[in-house]
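Presented below is the structure to which this report refers.
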Amino acid sequence: MKTAFSPSPNNPPGQCTCPKGSVFLRDRLPEEHKEELIQRRAKELQQHKARTTSVLSRLLFALPNSPLRYPIQGFIVRPLTAALIPGLGLYAEQRDSYKVGMIPQRQQMVILTQIRMVSLSVSKGILTTKFSAEGVTVQGDGETELTMESNSLVVLNNLLSNMFYTSTVYHIHTGDLVSFTFENHEAWFPIIIKQPKMPVLYDMGTDISSHVTITTKTFVRYPQLKVLLSSIRLFYSNIKVIIADDSFKPEKITGENIQHYIMPPAQGWFAGRNLAVSQVTTKYFLWVDDDFVFTEKTKIEKLVEVMEAVPELDMVGGAVQGDQFYFSLIYEEGEDGDGGCLHRKSKMKFNSLPSYPQCSLANGVVNFFLARTDAVRRVGFDPKLQRVAHSEFFMDGLGSLLVATCNHVSIGHQRLKHNNQYIQYRYPPKTDENMKYQLQFFKNYLKCVRFG
């Protein structure tokens, strides 16, 4: 029999190659807990794969000159709901009789060697036909296996055009594979079983204040924060500003449309980001550091224009003091036993955006960016990273966030003033660096990283 598909997953990835100069993360694990951590990590990976992979990940091949017609893409059904399978048909030579069948995936090889037929096969649902006619034999109606035989090609195609699939297992997003055979021809096609999502929409209103909220995190830098707030009000008098503050001795920050949230002391950079973003009620938020300053080149509207013109985007970064910092993340999955390899390449970007040549796709941008609120909330900022952390957010968002960098919108940077208390927390000890590497080893299942 000609087989159009072998029901096995794609070939697993091979061992990845660590770039020269990489940090090997296993070397940063504490010796007394190394083996225990490795075992727990392997268990968590299997749980992750169970959540994120399905039969829809398998590779399908279509052989030439098949008399079978079937849907190859886009057939989506709701769980536990009957749906007509579109486009089924048989285009064969005239003969005395025709036989069509639907066979469960687990039994297909045994049955196909015993009888000749045209078939569809399922394992997570049942097959039914709502068309009846003389001169046709149907077996297995309402079951996982269904076969049909007729001496009329017209009748057989009428049956196929009235074939329904109903999933029998509730799942919000999974799939089934259908085996469709006739004599020595075999084809496979996917059915996507998916619970429809309700849209979550934001009313954009009529001005920039209803489009964007400005967010920042501050720590013992009130003089710089006050300069930032004054500069914002020079250009945007009504826009809401949200401040997350984990200073040891909080000062009261007041003003119209300013929300000041006091945190426990020294909770850290990412914890503050999570707090600030959690309070945003607009479609977008603009992230700025507390020592930035708005200038005549800080045109939030231009960033909104890009995001609205390219709705697939989740984030667009600008330039700080003329420096358009961005990077790309080159990631190889590697083998299950070792983990993946990651290389951060600074100043590497991809193609430019249509109609916006000043903007290009990348994987990470500077701390001055406009982001889609719901998209960033789905990724989140890991609060374990308290001090130096930036690339780690984009690592967690790789494959989930579509990011661009633009050079036509810029913000200023205040001149640094010496602050012993801030410096003490800004530059972490070696133990913090090791903790970050250990986190990347476990959470991101990495073997090695290189930040270039």
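The values are calculated or read from the model by the stated rules, or taken from the named source; none is laboratory data. Just so we're clear, the structure is a prediction, and the values are computed from it rather than from any experiment. Cβ placement follows ideal geometry from the backbone for every residue including glycine, while neighbour counts extend to all protein chains displayed. Calculation scope for accessible area: heavy atoms of the full protein, side chains included, ligands and nucleic acids excluded. Shrake-Rupley method; radii C 1.70, N 1.55, O 1.52, S 1.80 Å.
General remarks:
- Under the criterion of Cα pairs below 8 Å and six or more residues apart, the relative contact order for region 277-376 equals 39 percent.
- Share, in percent, of DSSP beta bridges within the chain that are antiparallel, nearest 5: 65 percent
- Here the accessible area is traced with a 1.4 Å probe on the protein chains. For the chain, carbon and sulfur cover 51 percent of it.
- Cα gyration tensor category, rounded, prolate or oblate, for region 120-185 with a/c compared to 1.5: prolate
- Taken as Cα centroids, region 314-352 and region 37-87 sit 29 Å apart, rounded to the nearest whole angstrom.
- Label-point separation in nm, MET204 to LEU56, each point 7 Å along Cα→Cβ: 2.8 nm
- Candidate values (i) -0.30, -0.68; (ii) -0.38, -0.68; (iii) -0.40, -0.77, label of the one derived for log10 I(q)/I(0) by the Debye sum over Cα atoms at q = 0.06, 0.09 Å⁻¹: (iii)
- The heavy atoms of ILE76 offer some 100 square angstrom of accessible surface to a 1.4 angstrom probe.
- Computed per residue of the chain from DSSP H runs no shorter than four, each worth -39500 (n - 2.57), the mean residue ellipticity at 222 nm is -6500 deg cm²/dmol.
- Prolate/oblate/rounded call for region 246-397, Cα gyration tensor, a/c under 1.5 rounded: oblate
- Pairs beyond 20 Å (Cα-Cα), from LYS226/LYS252; LYS347/LYS417; LYS20/LYS447; LYS283/LYS443; LYS249/LYS384; LYS217/LYS384: LYS347/LYS417; LYS283/LYS443; LYS249/LYS384
- In Hz, Karplus ³J(HN,Hα) per residue of region 126-138 (6.51, -1.76, 1.60; θ = phi - 60°; x = Gly, Pro): 10, 10, 9, 10, 10, 10, 10, 7, 6, x, 9, 10, 10
- Ordering ARG233, ARG51 by accessible surface, largest first, gives ARG51, ARG233; the 1.4 Å probe counts only protein heavy atoms, with every chain in place.
- Ranking LEU80, LEU29 by solvent-accessible area of protein heavy atoms (1.4 Å probe, all protein chains present), from largest to smallest, gives LEU80, LEU29.
- Per-residue ³J(HN,Hα) for region 445-452, Karplus 6.51 cos²θ - 1.76 cosθ + 1.60, θ = phi - 60°, Hz, x for Gly and Pro: 6, 9, 8, 8, 9, 9, 9, x
- In the complete set of protein chains, residue-level accessible area for HIS171 is approximately 80 Å², probe 1.4 angstrom.
- Computed with a 1.4 Å probe on the full set of protein chains, the accessible area for GLU296 sits at about 120 Å².
- Less than 5 angstrom separates the built amide H of VAL77 from those of ILE192, ILE193, LYS194, all sequence-distant by 5 or more or on a different chain.
- Working ranking of peptides 178-188, 389-399, 55-65, 356-366 by packing, defined as the average number of other Cβ atoms within 10 Å per residue, highest first, is 178-188, 356-366, 389-399, 55-65.
- The relative contact order of the chain, computed from alpha carbon pairs under 8 Å that lie at least 6 residues apart in sequence, is 17 percent.
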